[in-house]
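This report refers to the structure that appears directly beneath it.
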Amino acid sequence: MEVVASMVAEKPVVIFSKSTCCLSHSMKSLIRSFGANATVYELDEISNGEQIENELIRMGCQPSVPAVFIGQQFIGGSKRIMSLHVRNELVPLLKDAKAIWI
């Protein structure tokens with residue numbers, strides 16, 4: 001978990017994604033629609049992507065992507081993010097992490 005922890009440190013929103021994953025694309029679009037500028041790591045495009053994916057799986061990410069971290073905390077995948085959005089709980093998380101201001 002050291003690699004993932006260092007990648008999410010001091011960043012308000014981090015999304016681990018794969019460029020070919022439609023759910024990852026949807027989560028990136030949703031979070032950006034609120035004005036958040038997420039740091040995105042495309043695991044299929046970086047050299048240590050497989051190592052990071054294995055670390056995410058060990059952390060409980062099933063499937064491994066999308067994996068969304070807000071305020072350095074693992075929030076979940078697409079189901080969890082959509083659930084938070086439907087319950088109007090996603091925006092407060094983004095505000096608390098200082099990813100958005102309004």
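A short reminder: the numbers here are calculations on the coordinates, not readings from a lab. Bear in mind that the values here come from a model prediction, so they are computed numbers and not experimental data. Here the Cβ is made from the backbone with ideal geometry for all residues, glycine too, and neighbour counts use every protein chain on show.
Tabulated data
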| quantity | calculated |
| --- | --- |
| Net lengthening on full extension, Ile57/His85 (0.36 nm per residue, minus Cα-Cα) | 7.7 nm |
| Integer Hz, Karplus 6.51/-1.76/1.60 couplings in order for the range 60-69, x for Gly and Pro | x, 6, 9, x, 5, 9, x, 10, 10, 10 |
| CD proxy at 222 nm, helix term only [per DSSP H run n ≥ 4: -39500 (n - 2.57); per residue of the chain; nearest 500] | -12500 deg cm²/dmol |
| Net charge contributed by nearby residues that have their C-beta within less than 13 Å of Leu93 (K/R +1, D/E -1) | +2 |
| Mean separation of Cα contacts under 8 Å, 6 or more apart, over the residue count of the chain: relative contact order % | 33 percent |
| Cβ-placed point charges (K, R +1; D, E -1), dipole of the range 2-96 about Cα centre in debye, nearest 20 | 460 debye |
| Crossing angle, helix 22-33 versus the chain [Cα axis fit, 0-90 degrees, rounded to tens] | 40 degrees |
| Calculated SAXS-style log₁₀ I(q)/I(0) at q = 0.10, 0.12, 0.16 Å⁻¹ - the chain, Debye, Cα scatterers | -0.23, -0.34, -0.61 |
| Within the chain, longest stretch clear of exposed GluC sites (Glu not before Pro) (DSSP loop, no more than 16 other Cβ within 10 Å) | 46-88 |
